[in-house]
Amino acid sequence: MGLDVDWAVRWLTLSAQAMADHRTELIELDRAIGDSDHGENMDRGFKAVLAKLAEAPPATPGAALKLTAMALMSKVGGAAGPLYGTAFLRAATSLGDATDIDPEALAAAIQAARDGIVARGKAESGDKTMVDAWTPAVEAAAAEAAAGNGDVLKVLHATAEAAEAGAVATDPLIARKGRASYLGERSAGHRDPGAVSTALILRAAAGAAE
Amino acid sequence: MGLDVDWAVRWLTLSAQAMADHRTELIELDRAIGDSDHGENMDRGFKAVLAKLAEAPPATPGAALKLTAMALMSKVGGAAGPLYGTAFLRAATSLGDATDIDPEALAAAIQAARDGIVARGKAESGDKTMVDAWTPAVEAAAAEAAAGNGDVLKVLHATAEAAEAGAVATDPLIARKGRASYLGERSAGHRDPGAVSTALILRAAAGAAE
Amino acid sequence: MKKLINDPRAVVDESVEGFGLAHADIVTVSTEPKFITRKDAPVAGKVGLVSGGGSGHEPLHGGFVGVGMLDAAVPGAVFTSPTPDQIIPATLAVNSGAGVVHIVKNYTGDVLNFETAAEMAEAEGVQVRTVLVNDDVAVEDSLYTAGRRGVGGTVLVEKIAGAAAERGDDLDAVAAIGDRVNQNVRSMGVALSACTVPHAGVPSFDLDEKEIEIGIGIHGEPGRHRIPMENADGITNRLLEPVLGDLGIASGDKVLLFVNGMGGTPQSELYIVYRRAAQVLADKGVSVERSLVGNYITSLEMQGCSITVLRLDDELTGLWDAPVHTAALRWGI
Amino acid sequence: MKKLINDPRAVVDESVEGFGLAHADIVTVSTEPKFITRKDAPVAGKVGLVSGGGSGHEPLHGGFVGVGMLDAAVPGAVFTSPTPDQIIPATLAVNSGAGVVHIVKNYTGDVLNFETAAEMAEAEGVQVRTVLVNDDVAVEDSLYTAGRRGVGGTVLVEKIAGAAAERGDDLDAVAAIGDRVNQNVRSMGVALSACTVPHAGVPSFDLDEKEIEIGIGIHGEPGRHRIPMENADGITNRLLEPVLGDLGIASGDKVLLFVNGMGGTPQSELYIVYRRAAQVLADKGVSVERSLVGNYITSLEMQGCSITVLRLDDELTGLWDAPVHTAALRWGI
Ligand SMILES: Nc1ncnc2c1ncn2[C@@H]1O[C@H](COP(=O)(O)OP(=O)(O)O)[C@@H](O)[C@H]1O
Ligand SMILES: Nc1ncnc2c1ncn2[C@@H]1O[C@H](COP(=O)(O)OP(=O)(O)O)[C@@H](O)[C@H]1O
Ligand SMILES: [Mg+2]
Ligand SMILES: [Mg+2]
Ligand SMILES: [Mg+2]
Ligand SMILES: [Mg+2]
């Protein structure tokens, strides 16, 4: 069994919940190497997603992600707004009109999301950004999908775990993109807030499928 | 033996010393019910007095007090500047050209000083101002002088003690003049800084005669 | 105490020197004794306007020296009124023969020092009139106080009397306009934090995280009472009500609304206060004809604000609108 | 956290509303989506100027909307760049057909959001040029950073490009003037204390009584390094030297010297910094032709300052002097 629009709505709802629950933690992470707003921005953005979902329930997972892209783009602001906006838009395009997502389509959508972020933000792996959570997630999803057992839940779990590990792995890095790069070496020893929000969102995707 | 110009110069020097030593205490008192500057103002003013004394040593006690009046008037500012300026000017006028001051002349000069302060500042006894130190000092000086034993040191000691007691007695009062009056009932429970500086100056007068 | 200063005792000297360098097109600075005059002073035939007071309230008064406002400003030590030996030469320097108006905030020190200076300037042949500003409704004006303090209204008195002098009013007329502004203006302030006088080195009062001081002046002195922290709308109501009550503002009145920052409050917060004050006035049917929002009369880095309301008539409005060219207030030129 | 606010999440809405009420003679405020336009926008035949960024830097940018400067300002949440759905309608609203220049401070968020907006506005038929401001010498401009930040220089770019647009320069010419200012301006800042973002509720960094942050930006972020507290002259030297070095300022150069307060520093201290900076420049044979001192680009209530130096030529000086009528900068009108 694949992932349908109900999963997508559950995913976005759980993501919104995660942003609200981790708002302070994300602000605190951003305070250390940025400007103390990432938690507020993401919370505001996903609250707007919920409002849009309630206003006009989407018919397909792709439609749900497109609506999410638009809401994030218009409500988050900062660096994260356009980056997540592009990510969800590219994922939505990748899914097209499908009503039921299999492991391959899922892995392709995750890759499209990551590629969108890189296209917009020009960050490479190791620059201490959300890309450092997305890239291992893309790889894990691809590997799980290639294993060919057809289990989307397994793909989602592998993705979430990889993103979480990727976020943790940003700790020692010196930032080379985004606001943390202004700090130079002082950015080492702190976790990147965008990588953490990415892990939270991908964990919510797995939670929604359980 | 009366008081001569050397006594006057010693008095002003000791007063300057007292203002420097008690600068922080006077600032702290003024912080509680005023604007934290009384110690700084008096210290600055008496430093200017010392400079003037060094520049052109006065010939009589009256000349020393007149020079003091001018220096305080032009360097202290605030309420205390004109009030102490007037006090020393009136005392100087009262002493005239005398080179040697007896108890009666001393008591008269102290009274002239107090009357000058009242004429300028319009404060009455009990208004929680420097007048509450000066008035008991005037009375003590008059009483000691009237006793007729001719001892200026006794007059000075009585004066200083009365001023000190007067300063302490301002503690429970509610201010009705000066900056502390803006505080209304909140001014009670604090000692008036100007009454304390008055007591210090009058104590220095006694010290200079010992 | 962390401040951008060198020696705590050189703060006024160095700051005024920097001010003179930055605004050499508008002002001239005399250093010994210290006062600031309009570059083209004395202006022939014009009544001179002199104000002054303790430093630490910048841009008041030096920032208001220039065409259409003050002819001279006399800065004292921080929070300490200046001395006659500064005020007298400043008065003489701006006297063109038409006389000089002293604008004095009602504090014992300012009153006594300006009084002495006025006497001595008169003795030197200058006609002097004094406008006493006492607009602070936080202080009861009674026999049992030194009377109301001069606070935010001072800025408006200086601007409007300055415009009257600039258009050529004579000495009594300029003083009368100043008095009229004073009679029609009231203010009240709040502190969220204290300030630190450089020579004192410690905050001027202690306030905890949940308290504010209502009815403060501009010298870092504590206010009339201390209350638990409230939101901006609540605080605005508290400040505005006694101001309007005391002025007797009624529906149909026209006013100038001035929200002043105490030095350490962001402009964005001042506009939140302005918003509420404007709402209250609109609800009462009062027309806000002119506005001023910003740090104009401050207490060093204190956090907080004051609200000032001036009842306008056509003449006062016209004088407010008249051109002014000073470091801190400029329009029409 | 004690602030003159109601709801931390309503700070920008209420503050912009108050700003609109106080300056209704100069600006119009759109609330949904939020942006501020010059009252008479679009001005026929004139190139439109739009800037924007996170809030918390007031008076930037809203305070610079008006004749001779910006046509529109787009405020984001506190320290968060605005979104395309605000920037696009602001761009359309000020386009008279002559095209629109976006003045963008170089932060990833601002760049990405303005980039998207520019693309979409172009799709709606508006010609858009972007002037990127990146004057902060505290940040190395290298492959390993997001590049230099836009800080104090932004104010000067907005004023001078605004004057070019007002005199009738075409789209490319206005953008070229903006770029020229950016190429000739450098800044560096210091924080004596952190600021508190309302929605965060805690100071943006922790600094003890004896430390200062050198090389801060304007978002309450920590600086490049932390050093023990120094006096004003020492700090001024530290900020000015890299600014002058990077600009290659030499004897005989003419400059504009801008000492900017971060929001919580008294004006008197800014003038102490100005004094020292002016001395250093005089010693180097550099002529300070124009000055600006005050809170123009701030970080809420942060204590500290930045120093900005712009190399002037006759054209830039003339454009600086051209009339401007905004809430925060006004002369000649
Ligand atoms: N160029 C970039 N590419 C990818 N991600 C980036 C880039 N710049 C910033 N980010 C991400 O954005 C996060 C910060 O988002 P946020 O705090 O909301 O925006 P801002 O930095 O504008 O305040 C960072 O933690 C980082 O993960
Ligand atoms: N009207 C007055 N009459 C007599 N003494 C006064 C009067 N007003 C103030 N004072 C005295 O002046 C003192 C304050 O002096 P100071 O702090 O130097 O001046 P300021 O109040 O202007 O800051 C008070 O403590 C009080 O003793
Ligand atoms: Mg951030
Ligand atoms: Mg005092
Ligand atoms: Mg004082
Ligand atoms: Mg941000």
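The values are calculated or read from the model by the stated rules, or taken from the named source; none is laboratory data. These numbers were taken from a predicted model, which means no experiment stands behind them. Every residue, glycine as well, gets a Cβ built from its backbone with ideal geometry; the counts of neighbours run over all protein chains shown.
A:GLY150: at pLDDT below 95 and either more than 16 Å from ligand 3 (Cβ to nearest atom) or touching a strand residue (DSSP E or B) at 6+ places or on another chain (Cβ under 8 Å) (or both), yes or no? Yes.
Applying the condition of being within 14 Å of another protein chain (Cβ to nearest Cβ) and in a helix (DSSP H, G or I) to the range A:91-136 and asking which residue is nearest to ligand 1 (Cβ to nearest atom) yields A:GLY121. Looking across the range D:1-18, the residues that are within 7 Å of chain C (Cβ to nearest Cβ) and in contact with a Pro (Cβ under 9 Å, 6 or more places away or on another chain) come down to D:LYS3, D:LEU4, D:ILE5, D:VAL11, D:SER15.
Taking the range A:22-53, which residues are of a type in the set (Ser, Thr, Tyr) and within 11 Å of ligand 6 (Cβ to nearest atom)? If the condition is that a residue be of a type in the set (Ser, Thr, Tyr) and within 11 Å of ligand 6 (Cβ to nearest atom), then A:SER36 is the only one that fits. Here C:PHE258 clears all of (1) more than 8 Å from every other protein chain (Cβ to nearest Cβ); (2) among the hydrophobic types (A, V, I, L, M, F, W, C); (3) buried (at least 24 other Cβ atoms within 10 Å of the Cβ); (4) touching an Asp or Glu at 6+ places or on another chain (Cβ under 9 Å) except the condition numbered (4). Taken over the range B:34-57, the residue count meeting the criterion of being within 8 Å of chain C (Cβ to nearest Cβ) and of a type outside the set (Asp, Glu) is 4. The lone criterion from (1) within 30 Å of C:LYS2 (Cβ to Cβ); (2) assigned to a loop (DSSP other than H, G, I, E, B) left unmet by C:GLY252 is number (1). Evaluating C:GLY248 against the criteria (1) closer than 18 Å to C:CYS195 by Cβ; (2) surrounded by fewer than 18 Cβ atoms within 10 Å (Cβ to Cβ) leaves one unmet condition, (1). Looking only at the range A:157-190, residues that are within 16 Å of ligand 6 (Cβ to nearest atom) and among the aliphatic types (A, V, I, L, M) come to 3 in all. No other residue among C:VAL104, C:VAL94 is within 16 Å of ligand 5 (Cβ to nearest atom), in contact with a Leu (Cβ under 8 Å, 6 or more places away or on another chain) and within 19 Å of C:ARG38 (Cα to Cα) apart from C:VAL104. Inspection of the range D:226-244 identifies at least one residue that is on the phi < 0 side of the Ramachandran plot and at the interface with chain A (Cβ under 10 Å from one of its Cβ atoms). Among the residues making up the range B:58-81, those that are surrounded by 21 or more Cβ atoms within 10 Å (Cβ to Cβ) and more than 8 Å from every other protein chain (Cβ to nearest Cβ) are B:PRO61, B:GLY62, B:ALA64, B:LEU65, B:LEU67, B:THR68, B:ALA69, B:ALA71, B:LEU72. There is no residue in the range A:162-183 that is more than 14 Å from chain D (Cβ to nearest Cβ), crowded, with 23+ Cβ neighbours inside 10 Å and in contact with a strand residue (DSSP E or B) (Cβ under 9 Å, 6 or more places away or on another chain). Of all residues in the range D:261-286, those being more than 7 Å from every other protein chain (Cβ to nearest Cβ) and free of Cβ contacts under 8 Å to residues at least 12 places away in the same chain number 3. Among the residues of the range B:1-33, those that are within 14 Å of chain C (Cβ to nearest Cβ) and among the basic types (Lys, Arg) comprise B:ARG23, B:ARG31. For C:LEU300, the conditions (1) within 11 Å of chain D (Cβ to nearest Cβ); (2) on the phi < 0 side of the Ramachandran plot all hold with the exception of (2).
Can you spot a residue in the range D:73-82 that is within 12 Å of chain A (Cβ to nearest Cβ) and either in a helix (DSSP H, G or I) or in contact with a Leu (Cβ under 7 Å, 6 or more places away or on another chain) (or both)? No, every residue in the range D:73-82 fails to be within 12 Å of chain A (Cβ to nearest Cβ) and either in a helix (DSSP H, G or I) or in contact with a Leu (Cβ under 7 Å, 6 or more places away or on another chain) (or both).
Pairs only if they're at least six apart or on different chains, beta carbon under 8 angstrom, first in the range D:109-121 and at pLDDT 95 or above, second within 16 Å of ligand 4 (Cβ to nearest atom); list them, first residue then second. Listed by first residue and then by second, the contacts come to nothing, as the list is empty.
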